[in-house]
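Notes for the one structure printed next.
The values are calculated or read from the model by the stated rules, or taken from the named source; none is laboratory data. Because the structure is a prediction, the values reported are computed rather than measured. With ideal geometry, Cβ positions are generated from the backbone for all residues, glycine too; neighbour counts draw on all protein chains shown. Only protein heavy atoms, including side chains, enter the accessible area calculation; ligands, DNA and RNA are left aside. Shrake-Rupley method; radii C 1.70, N 1.55, O 1.52, S 1.80 Å.
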Amino acid sequence: MRDYFLRLGEKKAPVAWCTSVGPAELLRAFGFEVYFPENHGALLGATRTAGDYIPAAMKYGFSGHICSYTTSDIGAYLSNDTPLKKHYGLESIPQPDLIVYNTNQCREVEDWFSFYGKEFNCPVVGIHPPRYLDEVTKDEVALVVQQFRKMIPTCEAVSGVSFDMDRFKDVLRMSAEATGLWQQVLKTAKASPPPISFFDGTIHMGPIVVLRGTPEAIEYYKALLAELEENVQKGIGIVEQEACRIFWDGMPIWGKLRALSELFIQNHAAVVASTYCNSWIFEDFDENKPFESSALAYTRIFINRSEKAKMEMLKDWIEEYRIDGVIFHDSKTCFNNSNNRFGLHLRLKEETGIPTMVVEGDLCDLRFFSEGQTITKIETFIEQIESHKELV
Ligand code: SF4
């Protein structure tokens with residue numbers, strides 16, 4: 001990760017900004033270094049500096065109730081500050097030559113990235129796939145492929161590199177390999193005791209977000225997988241023996257990862273899987289159909305789907321990871337990834353018989369998070385799961 005940020009700071013190649021589930025592979029095929037503002041938002045959250053910057057964005061006119069990745073990132077920019085200075089010695093965030101977003105996750109990214117397009121006077125390209133689908137059919141894929149292809153002349157003009165199909169295939173092959181390894185990493189948590197938790201996953205996911213399509217991501221996940229598999233063999237887990245297995249739905253609470261991780265461990269509960277970490281598994285990537293498979297993979301992601309599709313995906317994960325309880329994080333500034341808002345947590349409980357609960361919080365803005373209340377709620381929920389397990 002350090003090398004990645006230092007490379008961005010050197011600015012030896014043109015820089016493209018991209019949303020976290022945007023077309024990074026196509027950008028890398030043109031030789032762009034790719035920078036992800038959401039990753040920067042997560043850094044602001046995890047370093048608990050987001051709260052210092054959000055007011056600057058609010059003063060500029062952004063509501064304190066919209067995505068706190070957006071407000072903390074824009075606030076940091078307006079304050080001319082970034083954790084990349086302190087942690088990696090960069091002078092500032094890398095300046096973009098091209099900005100690309102995909103609204104497969106939310107419309108907020110369009111407003112967020114367009115703000116920077118004006119600030120840096122640089123081209124902004126958007127992909128707008130159909131949303132909330134039960135199934136993604138070839139019609140939707142064809143539409144998104146057209147949008148991918150439409151990006152090519154802008155990428156060529158900004159990078160000075162002609163589109164090369166073989167290069168695109170090569171990057172997609174590497175991305176497919178990395179995402180496959182990431183999937184295997186997450187699946188090691190099916191073991192009992194699990195060698196990795198959701199909280200560990202939020203840190204280890206860094207390379208699959210910012211380095212997919214590079215050999216570094218492949219190397220990283222090969223090494224991580226080998227270590228986790230060895231731990232499974234030796235019976236080394238995040239807890240000695242888990243009393244219950246929990247699924248986390250929604251955004252992480254970046255500023256409270258350690259506190260929450262320790263809380264679950266103290267209560268012998270293992271948070272073994274999440275919609276969040278699973279969002280960077282792209283099983284559809286196929287180097288032989290680079291445009292179609294990218295369009296399909298990036299349109300089929302959980303956050304972009306209908307409640308019916310989400311329900312089926314959740315039920316599959318519950319079965320696969322032998323889940324005893326599901327926590328829905330109601331992230332106050334991200335309704336897009338707060339799946340309880342329309343009652344999914346109650347319907348999931350009804351259909352599966354598995355206890356579910358809602359934790360109020362936020363991805364970056366800790367004003368929406370009450371630690372005392374959350375600890376009590378989670379401890380009560382774990383007790384409830386344990387008594388439910390005794391009954392069944
Ligand atoms: S999905 Fe949520 S957290 Fe992510 S950019 Fe959109 S609004 Fe922000």
Along its three principal axes, how long is the stretch 326-392 when you only count alpha carbons? Whole Å, largest extent first please. 39, 26, 11
Under 10 Å, Cα contacts only: if you run a Gaussian network model on the chain, which one of W248, W280, W317 comes out with the highest mean-square fluctuation? W317
Using only the alpha-carbon atoms of the stretch 1-72, report the extent along each of the three principal axes, biggest first, to the nearest angstrom. 37, 23, 19
Going through the cross-link list K11/K222; K138/K169; K118/K315; K256/K289; K85/K222, which pairs have a Cα-Cα distance over 32 Å in this structure? K118/K315; K256/K289
Calculated SAXS-style log₁₀ I(q)/I(0) at q = 0.10, 0.12 Å⁻¹ - the stretch 79-190, Debye, Cα scatterers: -0.47, -0.68
Of L363, L90, L43, the most mobile residue in a GNM of the chain (C-alpha springs, cutoff 10 Å) is L90
Under 10 °C and 1.306 mPa s, how fast does the stretch 1-135 diffuse according to Stokes-Einstein, given a Kirkwood radius computed over C-alpha pairs? Answer in µm²/s, whole number. 104 µm²/s
Please compute the alpha carbon radius of gyration of the chain, then divide it by the globular-protein estimate 2.2 N^0.38 Å. Two decimals is fine. 0.96
Size of the stretch 251-392 as Cα extents on the principal axes (Å, biggest first): 50, 38, 28
A student applying the Cα gyration tensor rule (rounded when a/c is under 1.5; otherwise prolate if a/b is larger than b/c, oblate if not) would label the stretch 191-245 oblate
Counting only DSSP beta bridges fully inside the stretch 242-392, the antiparallel percentage to nearest 5 is 0 percent
For the stretch 289-352, what are Rg and Dmax over the alpha carbons, in angstrom? 13.7, 40
Compute the separation of the alpha-carbon centres of the stretch 352-369 and the stretch 27-61 and state it in Å as a whole number. 22 Å
Solvent-accessible area per residue, Å², over the chain with all protein chains present [probe radius 1.4 Å]: 42 Å²
Output row, site E91, 7 Å Cα→C-beta label point, backbone N cut-off 14 Å, window the stretch 5-40, residues 9-12
Residue-averaged 222 nm ellipticity for the chain, from DSSP H runs of 4+ at -39500 (n - 2.57), nearest 500: -16000 deg cm²/dmol
Roughly speaking, what is the centre-to-centre gap between the stretch 278-326 and the stretch 169-192 when only Cα atoms are used, to the nearest Å? 13 Å
Quick check: at a probe of 1.4 Å, how many percent of the accessible area of the chain sits on carbon and sulfur atoms? 50 percent
